[in-house]
Each structure stands twice: as C-alpha cells, then as structure tokens.
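The structure appears below as structure tokens.
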Amino acid sequence: VQKIFKAYLSGKGLNVICDELNRMSDEIAWHKNSVKYILTNEKYIGDCLWRKKYTENNFPFRKCVNHGEAEQYYVTDNHEPIISKSDFEAVQKLLQIKSEHYGNKVHKSYPLSRKIICKNCGSIYKRRCVNNIIYWNCSKHDFKAADCESVRLEEEKIYRAFTVMYNKLKINYTVIFQPVISQLQELKNKKFSSNKQYSEIMKEIAKLKEQTHVLARLKTKGFLDDSKYLEQTTELNSKIEKLNRELQKISSCDDEDDVIEKIKDVASIIESGTELMTEFDEIMFESLVEKIVVKNQKELEFQMYGGLKFTERLV
C-alpha cells in the first residue's frame, strides 16, 4: 500500500503501477480499479467510513452500494494509520486534477446498465418500469418491435439467475476453476517449450520448489527449527520469485498471460466471496460479469472477465 501511494505521488499512472505490481508478484493479478480503490480508501489513514453498502427494506432485500440512500458515519482515528493524512489528501487532489483533465466518465445508474446484449440483433438492453415492475428491453425492439423479436426480461429474474450461477460456481469451485487454470498454464508452457531459456528456468523453478517441500517435511519431523526453516524458505522463495519475473519477461507479449490472470482474478473473488448468496450482490456482480448475452427468453449467458461463459435459466 505504501509503495502504491509513493509511486502515484512520484508521478506514475495507475496502469504503470499495475504493471510494476504484476512484475513483483505472480500470485495476485493487479488491475487499474484495484489500485484506485487502495488510493481512495480512508482506512489507510486510520479513519473508517461505515455503511458503504446497505440492504434494501423491500423484498428481495438486495445489497447495494450506498450512494447517499442510507446514512453513513465517518470515524476519524479509528485505528493505527499506515499512510499520512497529508499524503492521502495530496493523492485525492491529484486524482481529481487528472479526472478533470481527462474528463469524467458517466457512472452507470444501475448494475445492469450497458451489460445486457441481445443475441438476435446485438443491441443493448434498456431499463423500463411498467406497473411498478422493472424490466429490461432490447433497445431495437423497444424502438420498433418488428425489427427484433426479443422479449422483455424482468430485472429480479436476471438478479436471481446471477445469484444461482454464483452459488453453483462457489460450490463447484475446485471442479471448474482449478482445472481451467491448470490447462491454460499447461498450454502456455507447451507453447514456450521450444524456447530453451524458458525450459531451463521452468526446470530450475521445479527444483527449488522441491527443495521447499523437503524443508517442510524436515520441519514437520522436528529435524529443522523454525528460524532455520524460515531463513532457508525465504531464500528459496526469493530465487523462485526472481525466476518467475524472468519467465514473465519472456512471455510478456503473450495474450494468454492476460487471460490467465483475469480468470485467476475471477476465481479468487469467488473463492473469497460469501459462502451462499441469498440476495443479489451488486459489488460481486460488477467484479465478475463483463456482460450478459440474452440467448432466448429463458436463458442468459453470463460472460465473465477472462472469457469464461456460463449459461443460466431464468425462473
């Protein structure tokens, strides 16, 4: 966090900081929005904004981002800070200046805005309220029904379909994501297997990882004390990290890298997410779903970041 603040104050942009962080770690996929979230999070200066999300009073009790609909509470000096308030304020001012210079983007009014695509004609769905029920209609059909036969979809059914899909992915996480990521990584490795330097580095990483496993077994059996174990594993992990950075340089122009990282990001969000989603979660939806394709009046195709697609029925 401190490195991110320091880098931004030194003049580096969000994308540059992301690239640097991704070169430092092959376990976490950093994205522009993640960095911006850290730069605007008051918790790092010891303060705390309560009630960033709220639950609606009416069924189905959706959890939404609080844009002023519910009262919020700001607590100062709530805990030990790791960023000075002067640095934090300087970053907020810089973010505002850059935003004004490059132009503010129009924020979506609703979670589904510009997310739903008609498979028949490719048009975007628009929100409509009829008799106090929210629907999403194909914009082409809405303009002239004869041009597209798509039917309107009830918003709550779309939310319910996402909730059902998320719970399926959560329950079957190891069956779905781990094999996909492993297969993509294997395909990538095969692609670079003819590259001698790449192959040698992969072999060296495998040897180092085996050494860490040996150390773990020795520690478990009592042949290695904690301090020695920590010293040797730290050294080995440092070597592995350095070799991984070299691998990343070799394959840095490869599109598979971006796909794998995005899928890892989606998998990580689901793995750490709520065990069972009982209501639509706007933040989770925004983090996972790139767009929704309406296949027909009974089926939706949720297209996740990274390219994975899952079909869910409307009920």
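When region 15-45 is filtered for residues that are touching a residue at least 24 places away in the same chain (Cβ under 8 Å), over 22 Å from Glu241 (Cβ atoms), under 18 Å from the mean Cα position of the chain (by Cα) and open to solvent by less than 70 Å² (accessible area, probe 1.4 Å), the ones remaining, listed by number, are Leu39, Thr40.
When every residue of region 128-147 is checked against the conditions, at least one turns out to be closer than 19 Å to Glu312 by Cβ, in contact with a strand residue (DSSP E or B) (Cβ under 9 Å, 6 or more places away or on another chain) and among the aromatic types (Phe, Trp, Tyr). Can you report the number of residues in region 148-170 which are among the hydrophobic types (A, V, I, L, M, F, W, C) and either open to solvent by 20 Å² or more (accessible area, probe 1.4 Å) or not in a helix (DSSP H, G or I) (or both)? The total comes to 4.
Listed by first and then second residue, the pairs linking a residue in region 149-169 that is under 22 Å from Gly122 (Cβ atoms) to a residue that is of a type in the set (Asp, Glu), with Cβ atoms under 6 Å apart and 6 or more places separating them unless they lie on different chains, are Ala161/Glu312. If the condition is being among the aliphatic types (A, V, I, L, M), open to solvent by less than 60 Å² (accessible area, probe 1.4 Å) and either within 24 Å of Arg23 (Cα to Cα) or in a helix (DSSP H, G or I) (or both), then region 215-243 contributes Leu215, Ala216, Leu236, Ile240, Leu243.
Reported count of residues in region 284-306, each being within 19 Å of Glu261 (Cβ to Cβ), touching a Lys or Arg at 6+ places or on another chain (Cβ under 8 Å) and open to solvent by less than 50 Å² (accessible area, probe 1.4 Å), is 3.
Against the list (1) open to solvent by 30 Å² or more (accessible area, probe 1.4 Å); (2) in contact (Cβ under 8 Å) with a residue 60 or more places away in the chain, the condition Ile263 fails is (1). Scanning region 266-283 for residues that are surrounded by 15 or more Cβ atoms within 10 Å (Cβ to Cβ) and either at pLDDT 90 or above or charged (D, E, K, R) (or both) turns up Met277, Glu279, Phe280, Asp281, Glu282.
The values are calculated or read from the model by the stated rules, or taken from the named source; none is laboratory data. As the structure is a prediction and not an experimental result, all values here were calculated from the model. Neighbour counts are summed over all protein chains in view; Cβ atoms, including those assigned to glycine, are modelled from backbone coordinates with ideal geometry. The protein model used for the area step is the full one, side chains on, heavy atoms only, and it has no ligands, DNA or RNA in it. Shrake-Rupley method; radii C 1.70, N 1.55, O 1.52, S 1.80 Å.
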